[in-house]
1. Determine the per residue accessible area of the chain with all protein chains present and a 1.4 angstrom probe, expressed in square angstrom.
2. Compute the distance from the alpha-carbon center of segment 282-337 to that of segment 203-236, in whole Å.
3. Looking at the chain, what % of its DSSP beta bridges pair antiparallel, to the nearest 5?
4. Within the set of other residues whose C-beta is less than 12 Å from the C-beta of W174, count the net charge using Lys and Arg as +1 and Asp and Glu as -1.
5. Taking a ≥ b ≥ c as the square roots of the eigenvalues of the Cα gyration tensor of segment 244-338, is the shape rounded (a/c under 1.5), prolate (a/b larger than b/c) or oblate?
6. Return the Rg/Rh ratio of segment 107-161 with Cα-based radii and a Kirkwood Rh.
7. Between E216 and V259, what length in nm is gained on full extension when 0.36 nm per residue of separation is reduced by their alpha carbon distance?
8. If packing is taken as the average number of other Cβ atoms within 10 Å across a peptide's residues, how do 321-327, 72-78, 58-64, 13-19 rank, most packed first?
Amino acid sequence: MNELSPVRFGVIGVGIIGRQHVARLLSDASPAALIALADANAEAAQTVAEENGVEAAASVEELLAREDIDAVVIAVPSGLHADVTIEALDAGKHVFLEKPIEVTVEASDRIRAAEQRSGTILSISSQRRFAAENQYLKKIVSEGKLGRITSATVEVPLWRTQEYYDSGAWRGTWKLDGGGALMNQGVHLVDLTLWLLGEVEELYAYTGLLAHERIEVEDTVTAAARLRSGTQLTLQATTAAYGNLPIRMSLMGDAGSIVTESERVIHFHSRDGLELPEFETVDIMLAQHLDFVDAVQHGRTPLVTSAEARAAVAFIEAVYESGRTGQPVRPAEMPASV
């Protein structure tokens with residue numbers, strides 16, 4: 001492919017998130033071309049296609065067979081990711097996959113095996129990395145500007161109504177949602193935390209269903225973890241926090257500390273007198289699309305890799321195991337063969 005040629009996309013899944021991907025692909029800022037849509041609900045795919053002036057494929061299989069599609073965005077329920085993604089990779093398509101990569105480590109590893117045999121590009125939605133403030137956090141942590149990171153706290157205090165969980169039969173199920181407040185909502189902050197601070201050695205967690213009914217999964221979770229670097233982490237996620245509270249991250253080191261609320265820096269203190277730069281507002285979802293398109297065009301590794309997405313699932317799976325057993329748990333190691 002000529003590197004200046006637009007990457008031609010299909011979108012699989014036209015629910016709320018799928019439609020957001022469609023909007024980014026069709027924006028003036030995107031160098032990509034959106035060719036066709038597919039959904040298990042063919043009528044929904046046809047409706048969204050007509051609204052956006054693109055084609056609707058009769059099925060996922062038909063879309064993946066098209067030679068005029070180079071890459072696909074996959075935005076189906078989390079527990080269906082492996083089957084659809086493996087089919088797409090085996091069809092030779094590059095894949096931009098909604099979070100999480102899958103709902104178990106085992107399924108994540110099957111996706112990664114398909115990625116390796118296909119030789120195509122796979123990236124997973126983790127758009128918070130692309131916020132200018134989080135890019136700055138990555139820079140100062142990597143450069144040691146906060147010294148040794150001794151501890152960190154992450155809070156994901158969200159509110160989801162009972163109607164939210166009742167709106168889809170797959171919501172709040174282990175099979176298709178994979179978990180609750182942590183797997184569905186908190187996974188973005190798990191990814192961001194591991195990207196900034198590195199791998200987890202061991203964790204202990206409490207989980208509970210405290211404010212909702214008729215769902216299988218947790219709506220509140222608290223985990224304490226020791227990272228391989230020695231950093232101590234406390235992470236709390238809930239969909240039972242009424243009141244529009246901010247997502248908060250605090251990084252504390254022996255040479256500085258920084259606190260963000262919904263990406264905005266509200267505290268920064270540096271032993272070396274560093275001053276905060278000006279931060280531009282970024283459409284983080286579009287920014288990750290642009291990174292993925294560039295990775296496809298230039299054959300490079302995208303910022304968010306399948307190995308990193310698998311690490312987030314391993315962390316969450318360990319949290320759930322600890323919550324069930326009341327024992328400390330080590331996240332699943334990466335297999336040597338994948």
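1. Details: 14900 Å² over 338 residues.
In whole numbers, the chain has 44 Å² accessible per residue.
2. 18
3. Values: 35 of 60 bridges.
If I count the DSSP bridges inside the chain, around 60 percent turn out antiparallel.
4. Values: positive: R171, K175, R324; negative: D177, E216, E218, E317.
Neighbourhood net charge equals -1.
5. Details: a/c = 1.97, a/b = 1.14, b/c = 1.73.
Judged from the Cα gyration tensor, segment 244-338 comes out oblate (a/c at least 1.5, b/c at or above a/b).
6. Details: Rg = 16.9 Å, Rh = 15.0 Å.
Rg/Rh for segment 107-161 comes to 1.13.
7. On the way: separation 43, 0.36 × 43 = 15.48 nm, distance 3.35 nm.
Gain on extension, E216 to V259, equals 12.1 nm.
8. 72-78, 13-19, 58-64, 321-327
The values are calculated or read from the model by the stated rules, or taken from the named source; none is laboratory data. Because the structure is predicted, anything quoted here is derived from the model rather than measured. Here Cβ is always computed from backbone atoms with ideal geometry, including for glycine, and neighbour counts include all displayed protein chains. Accessible surface is based on the protein model in full, side chains and every heavy atom, while ligands, DNA and RNA are left aside. Shrake-Rupley method; radii C 1.70, N 1.55, O 1.52, S 1.80 Å.
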